[in-house]
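Peer 1: After the structure tokens below, expect a handful of questions from me.
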Amino acid sequence: MKHKRKIKIPVFQVDAFTDEPFKGNPAAVCILPHRFKDRILQAIAAEMNLSETAFLFPLENKPLKKNKIFSLRWFTPTVEVPLCGHATLATAAVLFYQIDVLTSEVNFTTKSGKLTARKDKKGIILDFPVYEPVPIKPPINILKALQIHRFKKALYENRMKVILIHLFDAKDVRNLVPNYDVMKSINKNKGFLGVIVTARGQRPYDFISRFFAPWAGINEDPVTGVAHTILAPYWSKILGKDEMQCYQASLRGGELIVRLLINKRVNLIGKAVIVLKGELSV
């Protein structure tokens, strides 16, 4: 019997938005030797079984270390997503700290446009678009599933399809115990793919948050960069600050700095730790 020749794909697991192993948000990063069909990428992401797997493909015909421009896509175990902060941070960490690219800034072409990552003494600085939510009346079944009985304000961001719920106190955010089975039973075609809950933080944090997306195969995301592209403009207006320190109060926990820019962009600044490297046989 003849066996098909298998392709080796370098793969890394990276804990993002933390400087400690086994904290923050884990992501897989795969460096592709060529483009694969979507069904293969989705199967790999399901095999990795992390909240996100990033697929990186160099766009310049040069040795990998000399590349500055890459294609980047992100898959959960069940779907492709248009934007992912922690997996982008993880990808940049692999390029800067493992591949040792000969540049301090790399560019990614993505379904959300051009993104950049820059190496800095504070960590890695991601340049992302800002998404500004608008007030809504939140779906009552979502509030019940999250077991939220009172809140200050609710908003919705249409492009990312995310609901934001502002609670009265940080302890209300930390103490939430969502019913994920009920959340999953709610029709995802109603126009939302995730829910952020947030409140003012305690020093040194300006605000804290949690993020739930069971419709994308992620009950609770440990640390969510995309959520902070929505949280940054929201809290900036409340606090009157352009730079804020944030904490995502998941079980693993993670922290980052957000810096609102004047051109409808936001810097997400965080650290990452590479905890595993190997090869996939496809």
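Peer 1: Would you mind telling me which numbered condition in (1) surrounded by fewer than 17 Cβ atoms within 10 Å (Cβ to Cβ); (2) within 16 Å of the chain's Cα centre (by Cα) ALA213 fails?
Peer 2: Unmet for ALA213, out of (1) surrounded by fewer than 17 Cβ atoms within 10 Å (Cβ to Cβ); (2) within 16 Å of the chain's Cα centre (by Cα): (1).
Peer 1: Condition first: in a strand (DSSP E or B), among the hydrophobic types (A, V, I, L, M, F, W, C) and modelled with pLDDT of 95 or more. Now tell me which residues in segment 67-113 satisfy that. First the steps, then the outcome.
Peer 2: Going through segment 67-113, the residues in a strand (DSSP E or B) turn out to be 69-75, 80-81, 105-110, 113.
Now restrict to residues that are among the hydrophobic types (A, V, I, L, M, F, W, C): 69-70, 72, 74-75, 81, 106, 108.
Correct list: ILE69, PHE70, LEU72, TRP74, PHE75, VAL106, PHE108.
Peer 1: Please verify whether ARG159 is of a type outside the set (Asp, Glu) and more than 20 Å from the chain's Cα centre (by Cα), treating the condition exactly as stated. Write out each step before concluding.
Peer 2: Details: of a type outside the set (Asp, Glu): yes; more than 20 Å from the chain's Cα centre (by Cα): no.
In short, no.
Peer 1: Considering only residues that are of a type in the set (Phe, Trp, Tyr), more than 13 Å from LEU276 (Cβ to Cβ) and surrounded by fewer than 24 Cβ atoms within 10 Å (Cβ to Cβ), which ones fall in segment 15-58? Break it down stepwise before answering.
Peer 2: Kept after step one, since they are of a type in the set (Phe, Trp, Tyr), are these residues of segment 15-58: 17, 22, 36, 55, 57.
From what is left, the residues that are more than 13 Å from LEU276 (Cβ to Cβ) are 17, 36, 55, 57.
Hits for segment 15-58 are PHE36, PHE57.
Peer 1: What are the pairs with Cβ atoms under 6 angstrom where one residue, in segment 112-123, is in contact (Cβ under 8 Å) with a residue 12 or more places away in the chain and the other, located anywhere, is buried (at least 20 other Cβ atoms within 10 Å of the Cβ) and not in a strand (DSSP E or B)? Sequence gap at least six, or different chains.
Peer 2: From segment 112-123, the pairs are SER112/LEU83; ALA117/ALA92.
Peer 1: Let me ask something else about it. Would you tally the residues in segment 186-195 being out of contact with any Asp or Glu (no Cβ under 9 Å at 6 or more places or on another chain) and modelled with pLDDT of 90 or more? Write out each step before concluding.
Peer 2: Here is the first cut: in segment 186-195, the residues out of contact with any Asp or Glu (no Cβ under 9 Å at 6 or more places or on another chain) are 186-193, 195.
Applying the additional criterion that residues be modelled with pLDDT of 90 or more yields 195.
Matching residues across segment 186-195 total 1.
Peer 1: Within segment 118-166, track down each residue that is of a type in the set (Lys, Arg) and more than 22 Å from ILE269 (Cα to Cα). Before you say what the answer is, go through the steps one by one.
Peer 2: Our first condition is that a residue be of a type in the set (Lys, Arg); within segment 118-166, this holds for 118-119, 121-122, 137, 144, 150, 152-153, 159, 161.
Correct list: LYS137, LYS144, ARG150, LYS152, LYS153, ARG159, LYS161.
Peer 1: While we're looking at this one, here's another question. Considering segment 218-248 alone, what residues qualify as being over 15 Å from TYR131 (Cα atoms) and buried (at least 18 other Cβ atoms within 10 Å of the Cβ)?
Peer 2: ILE218, GLU220, ASP221, PRO222, VAL223, MET244, CYS246, TYR247, GLN248, listed by residue number.
Peer 1: Hey, can you tell me all the residues within segment 198-247 that are closer than 20 Å to GLU52 by Cβ, of a type in the set (A, V, I, L, M, F, W, C) and outside any helix (DSSP H, G or I)?
Peer 2: PHE211, PHE212, ALA213, ILE218, VAL223, CYS246
Peer 1: Further, regarding this structure: Scan VAL79, VAL94, VAL106, VAL101 and give me the residue that is in contact with a helix residue (DSSP H, G or I) (Cβ under 7 Å, 6 or more places away or on another chain), in the same structural domain as LYS277 (by TED's automatic domain parsing) and within 30 Å of ALA249 (Cβ to Cβ).
Peer 2: Details: VAL94 fails: in contact with a helix residue (DSSP H, G or I) (Cβ under 7 Å, 6 or more places away or on another chain); VAL106 fails: within 30 Å of ALA249 (Cβ to Cβ); VAL101 fails: within 30 Å of ALA249 (Cβ to Cβ).
VAL79 is the lone residue from the list that is in contact with a helix residue (DSSP H, G or I) (Cβ under 7 Å, 6 or more places away or on another chain), in the same structural domain as LYS277 (by TED's automatic domain parsing) and within 30 Å of ALA249 (Cβ to Cβ).
Peer 1: Moving to a separate point now. If we keep just the residues of segment 50-76 that are polar (S, T, N, Q) and in contact with a strand residue (DSSP E or B) (Cβ under 7 Å, 6 or more places away or on another chain), which is farthest from GLY253 (Cα to Cα)? Spell out the reasoning first.
Peer 2: Of all residues in segment 50-76, those polar (S, T, N, Q) come to 51, 53, 61, 67, 71, 76.
This time we only want the ones that are in contact with a strand residue (DSSP E or B) (Cβ under 7 Å, 6 or more places away or on another chain), so: 51, 53, 67, 71, 76.
Values: SER51: 14, THR53: 19, ASN67: 33, SER71: 29, THR76: 20 Å.
The selected residue is ASN67.
Peer 1: Right, something else. If you go through segment 202-255 one residue at a time, how many are of a type in the set (Lys, Arg) and under 16 Å from ALA170 (Cα atoms)?
Peer 2: Filtering segment 202-255 down to residues of a type in the set (Lys, Arg) leaves 203, 210, 237, 241, 252.
Checking which are under 16 Å from ALA170 (Cα atoms) leaves us with 203, 210.
Going through segment 202-255 one residue at a time, the tally reaches 2.
Peer 1: Would you please list the contacts, defined by Cβ atoms under 6 Å and residues six or more apart or on different chains, that run from a residue in segment 3-24 that is touching a residue at least 60 places away in the same chain (Cβ under 8 Å) to a residue that is outside any loop (DSSP other than H, G, I, E, B) and hydroxyl-bearing (Ser, Thr, Tyr)?
Peer 2: These pairs meet every condition: LYS6/SER281.
The values are calculated or read from the model by the stated rules, or taken from the named source; none is laboratory data. Just so it is clear, the structure is predicted and the values come from calculations on it, not from any experiment. Here Cβ is always computed from backbone atoms with ideal geometry, including for glycine, and neighbour counts include all displayed protein chains.
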